[in-house]
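The values are calculated or read from the model by the stated rules, or taken from the named source; none is laboratory data. This is a predicted model, so every value here is computed, not measured. Here the Cβ positions follow ideal geometry from the backbone for every residue, glycine too, while neighbour counts run over all protein chains shown. Remember, those area values only see protein heavy atoms, side chains included, never the ligands or the DNA or RNA. Shrake-Rupley method; radii C 1.70, N 1.55, O 1.52, S 1.80 Å.
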Amino acid sequence: MSEADCIASSDIPRASELVAAVGGQPGQVAPDTEQLPNGHAEAEPPKNPLEGKTAYVAFKTMLKQPPGQALLSEVMNFVHNFAPLPDIEQMALRVHRFQQQCTNRLLKELSDAQAAPGSLVSEGFEKFIMVKLHEKVFAVDPEVRTRDKKLHAKLRLMRTWLTFKDLEVPSIEPQLLDLAIAQLSSMANQYKAPKDKLVCVVNACKVIGNVLTRLRTSSSPTSADDMLPMLIWCVVQANPENLIANIEYMRAFRHPSKLIEEENYWSTMLDSAVAFLQGSHLDLGVRENLKREIAMMPLTFETVGSHETIRVGDIPKLLEEYHDMLRVIKDLKDSLNA
C-alpha cells in the first residue's frame, strides 16, 4: 500500500450543516439525470475521476499517477529532512515555498491539467504535507507551551463559576451552544491540517451567530455585540488544549493565498476571545471563587487533635477531604502563576 493510501480523509461538518441542526433550512439536491419523453434516462457523460471528491481525496488520486508518484517521493524526503525552527513564521515560509513549487510542477506535468484545477491541488497538497509535518511544527516554542498550560489551568477554574451574567450577556439555555463547544474541541483535538481547524472555528462561530439570531426577540434581547462574549463562554466550556498554539498554527501554516475573508474574520474573533481570557482582569474572579470554594469545604476533621481518635470507618472521608484540599491548593497555585 502506498503512502498516499495510508491517510484517510476527514469529513468535517460544514457550517451550513451545523446551522441547519440548530434551525437552518437544508438545501435541495438537483437530480442526477433528466427523464426523456420515451421514458429512458439521458446517458450521463463520462465522469472525471476527480469529480465529486474532496480536495484531499482528489490530491491522493493524483499521487497515483506517474507525475504524482515522483512528487510523493520528494514530499516525503522534505518531511524527513525538515528541521523545526524556533520561529514559526520562518517554518511556514519554508513550507509555503515548497508547496508552491510542487503544486506548480504537478499542474504542469499532469496529462489533464483541466481536470485538476490549481485550487484543488494546492488545498490537497497543504493538508497532505501539514498532516505529515504536524509533529515537527506544532507547539515547538517552549514559551507558547507555557502560556497554553497557564491558560488551560485558568479556564479549568473558570468553568466552575463563569456565567452569562459575568459576561454581561442575556442568559440562554447552555445546551444551544453544545455544537459550537464541540467544534472548538474538535479543532484542537481531532484535526491537524490548518484548513480543517479553521473550518471548525468558522462552524463554531456560525452556530453561535445562528443561536443569537433565533433568540433575538423582545423576551431575549440579544444582539451582534453578544457574539464575542458568547464565543468567550464557549471557549471556556470547551477549554481546548494548546489553544494559543492552535491559533498560531492556523495563521502561520494556512497558505496566505487560501485564507479567505470568512476564515480570517472568525479566527480573529477567536484570537480576541483568547486575548480577553488571558487578561489579568479575570484573575480576581478566579481567586475569589477559590476563596468561596475553600470556605464551603466541610473539613470534618479540622478539629481532630490526634490520630488515635479517628476510626477506621472515617478513613475514606478523610482521604476525600485530603484530595479536595490538594486540588484546591493546585488550582490556587495555577491561578497565581497564570
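Out of segment 242-266, which residues are of a type outside the set (Val, Ile, Thr), in a helix (DSSP H, G or I), at pLDDT 90 or above and under 20 Å from ASP87 (Cβ atoms)?
Answer for segment 242-266, where residues must be of a type outside the set (Val, Ile, Thr), in a helix (DSSP H, G or I), at pLDDT 90 or above and under 20 Å from ASP87 (Cβ atoms): ALA245, ASN246, GLU248, TYR249, MET250, ARG251, ALA252, PHE253.
Table: residues versus (1) surrounded by fewer than 22 Cβ atoms within 10 Å (Cβ to Cβ); (2) under 10 Å from the mean Cα position of the chain (by Cα); (3) under 18 Å from ASN242 (Cβ atoms).
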residue	(1), (2), (3)
ALA180	no, no, no
SER185	yes, yes, yes
ALA188	yes, yes, yes
TYR191	yes, yes, yes
PRO194	no, yes, yes
ALA204	no, yes, yes
ILE208	no, no, no
VAL211	no, no, no
LEU215	yes, no, no
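So in segment 107-135, with the set limited to residues that are part of a helix (DSSP H, G or I) and of a type in the set (Gly, Ala, Ser), which one is modelled with the highest pLDDT?
Checked segment 107-135; the qualifying residue modelled with the highest pLDDT is GLY124.
May I ask you to verify whether PRO66 is at pLDDT below 95, surrounded by fewer than 16 Cβ atoms within 10 Å (Cβ to Cβ), within 28 Å of the chain's Cα centre (by Cα) and not β-branched (Val, Ile, Thr)?
Against the criterion (at pLDDT below 95, surrounded by fewer than 16 Cβ atoms within 10 Å (Cβ to Cβ), within 28 Å of the chain's Cα centre (by Cα) and not β-branched (Val, Ile, Thr)), PRO66 does not qualify.
Can you find even one residue in segment 271-279 that is within 18 Å of ALA182 (Cα to Cα), part of a helix (DSSP H, G or I), open to solvent by less than 40 Å² (accessible area, probe 1.4 Å) and at pLDDT 90 or above?
Within segment 271-279, one or more residues are within 18 Å of ALA182 (Cα to Cα), part of a helix (DSSP H, G or I), open to solvent by less than 40 Å² (accessible area, probe 1.4 Å) and at pLDDT 90 or above.
Among the numbered criteria (1) farther than 26 Å from ILE88 by Cα; (2) among the basic types (Lys, Arg); (3) in contact with an Asp or Glu (Cβ under 9 Å, 6 or more places away or on another chain), which single criterion is violated by LYS150?
(1)
Hey, among LYS108, LYS136, LYS149, which residue is over 22 Å from VAL199 (Cβ atoms), in contact with a Phe, Trp or Tyr (Cβ under 6 Å, 6 or more places away or on another chain) and of a type outside the set (Phe, Trp, Tyr)? Give the derivation first.
Details: LYS108 fails: in contact with a Phe, Trp or Tyr (Cβ under 6 Å, 6 or more places away or on another chain); LYS149 fails: in contact with a Phe, Trp or Tyr (Cβ under 6 Å, 6 or more places away or on another chain).
Unique residue meeting the criteria: LYS136.
Which number in (1) modelled with pLDDT under 90; (2) under 28 Å from the mean Cα position of the chain (by Cα); (3) open to solvent by 30 Å² or more (accessible area, probe 1.4 Å) marks the one condition that ASP87 misses?
Evaluating ASP87 over (1) modelled with pLDDT under 90; (2) under 28 Å from the mean Cα position of the chain (by Cα); (3) open to solvent by 30 Å² or more (accessible area, probe 1.4 Å) leaves (1) as the failure.
Can you run down the residue pairs with Cβ atoms below 7 Å, 6 or more apart or on separate chains, where the first is in segment 265-291 and on the phi < 0 side of the Ramachandran plot and the partner is open to solvent by 60 Å² or more (accessible area, probe 1.4 Å) and at pLDDT below 75?
LEU290/LEU332
Does LYS197 qualify as being over 17 Å from PHE164 (Cβ atoms), modelled with pLDDT of 95 or more and among the basic types (Lys, Arg)? Spell out how you get there, then give the answer.
Working: over 17 Å from PHE164 (Cβ atoms): yes; modelled with pLDDT of 95 or more: yes; among the basic types (Lys, Arg): yes.
Against the criterion (over 17 Å from PHE164 (Cβ atoms), modelled with pLDDT of 95 or more and among the basic types (Lys, Arg)), LYS197 qualifies.
Which numbered condition in (1) out of contact with any helix residue (DSSP H, G or I) (no Cβ under 6 Å at 6 or more places or on another chain); (2) closer than 19 Å to ARG254 by Cα is the only one that MET187 fails?
(1)
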